[in-house]
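The values are calculated or read from the model by the stated rules, or taken from the named source; none is laboratory data. The structure presented is a predicted model; accordingly, all values stated were derived computationally and were not measured. Every residue, glycine as well, gets a Cβ built from its backbone with ideal geometry; the counts of neighbours run over all protein chains shown.
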């Protein structure tokens, strides 16, 4: 009986610690989303389809919207600049390379989407 109780308390303690860890991770993720901006970006069909297929995971854009990590991006399919009504599910910006280095104009940025 004592072994059972010790085992129960050990499992309960581990379970409680795991629960607390999960709740902390959820709170951190929620905090990131609270400060994230949402961007709706027109994307020409060729590039939109490459992202949809998973071949392209980045965007090169003029940084006139102040893109930041964890911002949410909706890529809207356009043909010759005209919106077709189609858009990809939301993507999160997980990496940003700001311009001014590697030959990228200082007004532009390259960001990775996930």
Handout entry: Among the residues listed as 67, 40, the single one being surrounded by 10 or more Cβ atoms within 10 Å (Cβ to Cβ), in a loop (DSSP other than H, G, I, E, B) and at pLDDT 60 or above
Key = 67
Practice task
Might you check whether a residue that is surrounded by fewer than 13 Cβ atoms within 10 Å (Cβ to Cβ) and modelled with pLDDT of 95 or more occurs anywhere in segment 18-37?
Solution key: no
